[in-house]
Amino acid sequence: MTTLTVVVPSYNSSDYLHRCLDSMLPFDDDLEVIVVNDGSTDDTSAIAHRYAADHAGRVRVVDKPNGGHGSAVNAGLDAATGRYFRVVDSDDWLDRDALTDLLGVLRGQDRLDLVVSNFVYEKEGRERRHAMRYRSTLPRDREFGWEEVGRFRPDQGMLMHSLTYRTAVLRNSGMRLPEHTFYVDNLYAFVPLPYVRRMRYLDADLYRYHIGRSDQSVNESVMLRRLDQQLTVNRLMIEALPSPGSTPKSLHRYLVHYLGLVCGVSSIMLIRAGAPEHLRMKRDLWRDLRAAHAPAHRRLRRSSVGALVNLPGRTGRRVSVWAYLAAQRVVGFN
């Protein structure tokens, strides 16, 4: 059995797929790369098949009709043969030395359910980079459980870019990401966690997260056009939040924290959209959270993020936006 499957969801990725695949190839037999061509209309499929021919047995291609990022991840998970599984978007790439370290941790492993590693924001045209690391939150260089996980900063979460799951954990969780929907990476980083028992933190800057393209889903103008999809994912996370007592206390605390980050993003985007109906949608989101999970709602409304995005009145909304823009500058989005 292959140690690690890396799935590369790809849609019209011909301009940058080479960089992504070259960061992982050639590698040894412990790595399987599956390029999922999600109905591309450019040369993505041809490029992927050339890599498959050049790296026979190590690279596979799944050609499928367009279904969106979640559909591509689902298809990759169905096809994966590795004991462990991670996703690398086609415009991103991996650090080869850190990938070597990750494979060293995973080889022969059958206890770890999740390996967490760092990711780096790679902003076009900027030399200064911001890394998301977990040194103050997670024990390093050893196996641990949820009871040893510390408290995350208000701006900190374990994103898809951070996570290498045991493949069986993903399959046992029953996770199926919705099709034709953006921002499903939040579900990937949320829904399987109650099935995780044993973890390890690899303090290495593995994932290089490319930002700055005008058509990226995290670009603010794009997010404003896709607010319905952001809210769909947000509400699916609310539905998926376990009840208190059904999971370890520290795990539930983290799930509520991460849900709060996503509620904060939704709220800020609705404030930025600015129309009366958007402000009503923001109120409805928090009302629905309270109806489904009153203790989580109370905790999040008292948190720094929840308090900031729910400041009253026009002045309060201006303060919320100012804080959001300041945070964007820190990580290099603006």
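Brief remarks on what is shown
- Crossing angle, helix 249-273 versus the chain [Cα axis fit, 0-90 degrees, rounded to tens]: 70
- Mean accessible surface per residue for region 240-334, computed with a 1.4 Å probe while every protein chain stays in place, in Å²: 50
- Working note: 222 nm ellipticity from helices only, DSSP H runs with n ≥ 4, each -39,500 (n - 2.57), summed and divided by the residues of the chain, gives -13500 deg cm²/dmol to the nearest 500.
- Region 106-258 - share of DSSP beta bridges that are antiparallel (%, nearest 5): 40
- Take the Cβ atoms of residue 321 and residue 103, set R0 to 45 Å, and the FRET efficiency comes out at 0.55.
- Nearby aspartates and glutamates by direct alpha-carbon distance to residue 282 (threshold 15 angstrom, same-chain neighbours under 8 apart not counted): 228
- With contacts taken as Cα pairs under 8 Å at a separation of at least 6 residues, region 189-271 carries a relative contact order of 40 percent.
- Region 37-66 and region 138-217: distance between their alpha carbon centers, rounded to Å: 26
- For the chain, relative contact order (Cα pairs under 8 Å, six or more residues apart, normalised by length) works out to 17 percent.
- For the chain, the share of DSSP beta bridges that are antiparallel, to the nearest 5, is 30%.
- Working ranking of peptides 22-30, 47-55 by packing, defined as the average number of other Cβ atoms within 10 Å per residue, highest first, is 47-55, 22-30.
- Gyration tensor verdict on region 57-125 (Cα atoms; rounded if a/c is under 1.5, prolate if a/b is larger than b/c, oblate otherwise): oblate
- Measuring nothing but how far apart in sequence close Cα pairs (under 8 Å, 6+ apart) lie, relative to its length, region 1-93 scores a relative contact order of 46 percent.
- The alpha-carbon of residue 64 sits under 16 angstrom from the alpha-carbons of these aspartates and glutamates, leaving out residues fewer than 8 places away in its chain: 38, 42, 43, 78, 179.
- To put it simply, the accessible area of the chain at a 1.4 Å probe is 49 percent carbon and sulfur.
- Per residue value of the accessible surface for region 44-167 (all protein chains in place, 1.4 Å probe), Å²: 42
- Computed accessible area, residue 61, all protein chains, 1.4 angstrom probe, square angstrom: 30
The values are calculated or read from the model by the stated rules, or taken from the named source; none is laboratory data. This is a predicted model, so every value here is computed, not measured. For neighbour counting, all protein chains shown are included, and Cβ atoms are generated from backbone atoms with ideal geometry for every residue, glycine included. Quick note on the areas: whole protein, heavy atoms, side chains included, nothing else; ligands and nucleic acids left out. Shrake-Rupley method; radii C 1.70, N 1.55, O 1.52, S 1.80 Å.
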